[in-house]
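Asks: Starting off with a structure, shown below.
The values are calculated or read from the model by the stated rules, or taken from the named source; none is laboratory data. Everything quoted here is computed from the prediction, not taken from an experiment. Note: ideal-geometry Cβ built from the backbone for every residue, glycine included; neighbour counts use all protein chains shown. Note: accessible area is taken over every heavy atom of the protein model, side chains too, but ligands, DNA and RNA are not part of it. Shrake-Rupley method; radii C 1.70, N 1.55, O 1.52, S 1.80 Å.
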Amino acid sequence: MIDVEAVISGQKVFMTFVYGEPVQKLRDQVWERLTRYGMQRSEPWFIIGDLNEISGNHEKQGGTIRQAGSFLSCNNMIRDCGFLEFPARGNQMSWQGRRGKVMVRCRLDRALANEKWHSLFPCSYTEYLGMEGSDHHQ
């Protein structure tokens, strides 16, 4: 995780670049760290990156359905930090891979920001690009 404090047009902002823990049982550490940051911040803040997590089964195509409770930690972090999604363009299923014989696609990459960021930069959006040379696109 890279956390940056910057000043844009005289306004202090925070930008956090996240690589979510690939080991599922260790991801809570990432969400807890982001939540701690969020509890201390009142300035505009956005995060972007490969969170290695989906917010629900609606962000997955193929493979086994996960239990709803498995999304709670990440979704609680999003709620507790006051994050909102950016409007998105392109195919949001940003990762694909085979699990056995089944092709699975998921939305692992995302950008989120608090209301102050969205107010300061109201035209911001996420554009998902085609996959070229990686199993991710954003």
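Asks: Keeping to the range 105-132, report how many residues are at pLDDT 95 or above and more than 16 Å from the chain's Cα centre (by Cα).
Replies: Going through the range 105-132 one residue at a time, the tally reaches 6.
Asks: Do the conditions hold for E32, that is, is it touching a strand residue (DSSP E or B) at 6+ places or on another chain (Cβ under 9 Å) and acidic (D, E)?
Replies: Judged against the criteria, E32 is not a match.
Asks: Does K116 qualify as being within 17 Å of V13 (Cα to Cα), outside any loop (DSSP other than H, G, I, E, B) and open to solvent by 30 Å² or more (accessible area, probe 1.4 Å)?
Replies: It is true that K116 is within 17 Å of V13 (Cα to Cα), outside any loop (DSSP other than H, G, I, E, B) and open to solvent by 30 Å² or more (accessible area, probe 1.4 Å).
Asks: Still on this structure, I have one more. Any idea which of (1) closer than 22 Å to Y128 by Cβ; (2) among the aromatic types (F, W, Y); (3) surrounded by 20 or more Cβ atoms within 10 Å (Cβ to Cβ) is the one F86 doesn't satisfy?
Replies: Every condition holds for F86 apart from (3).
Asks: Hey, another quick one. In this structure, does G38 turn out to be in contact with a Cys (Cβ under 8 Å, 6 or more places away or on another chain), within 21 Å of S124 (Cβ to Cβ) and open to solvent by less than 40 Å² (accessible area, probe 1.4 Å)?
Replies: Yes; evaluated as a whole, the condition is true for this residue.
Asks: Inside the range 89-103, can you point out the residues that are surrounded by fewer than 17 Cβ atoms within 10 Å (Cβ to Cβ), assigned to a strand (DSSP E or B) and under 16 Å from the mean Cα position of the chain (by Cα)?
Replies: R89
Asks: Quickly run through the range 84-103 and pick out the residues that are farther than 15 Å from G56 by Cβ and out of contact with any Phe, Trp or Tyr (no Cβ under 7 Å at 6 or more places or on another chain).
Replies: Of everything in the range 84-103, those that are farther than 15 Å from G56 by Cβ and out of contact with any Phe, Trp or Tyr (no Cβ under 7 Å at 6 or more places or on another chain) turn out to be L84, W95, Q96, G97, R98, R99, G100, K101, V102, M103.
Asks: Mind checking which residues of the range 1-34 are crowded, with 17+ Cβ neighbours inside 10 Å and either at pLDDT 95 or above or farther than 18 Å from S55 by Cβ (or both)?
Replies: Listed by number, the residues that qualify are V13, F14, M15, T16, V18, V30, W31, L34.
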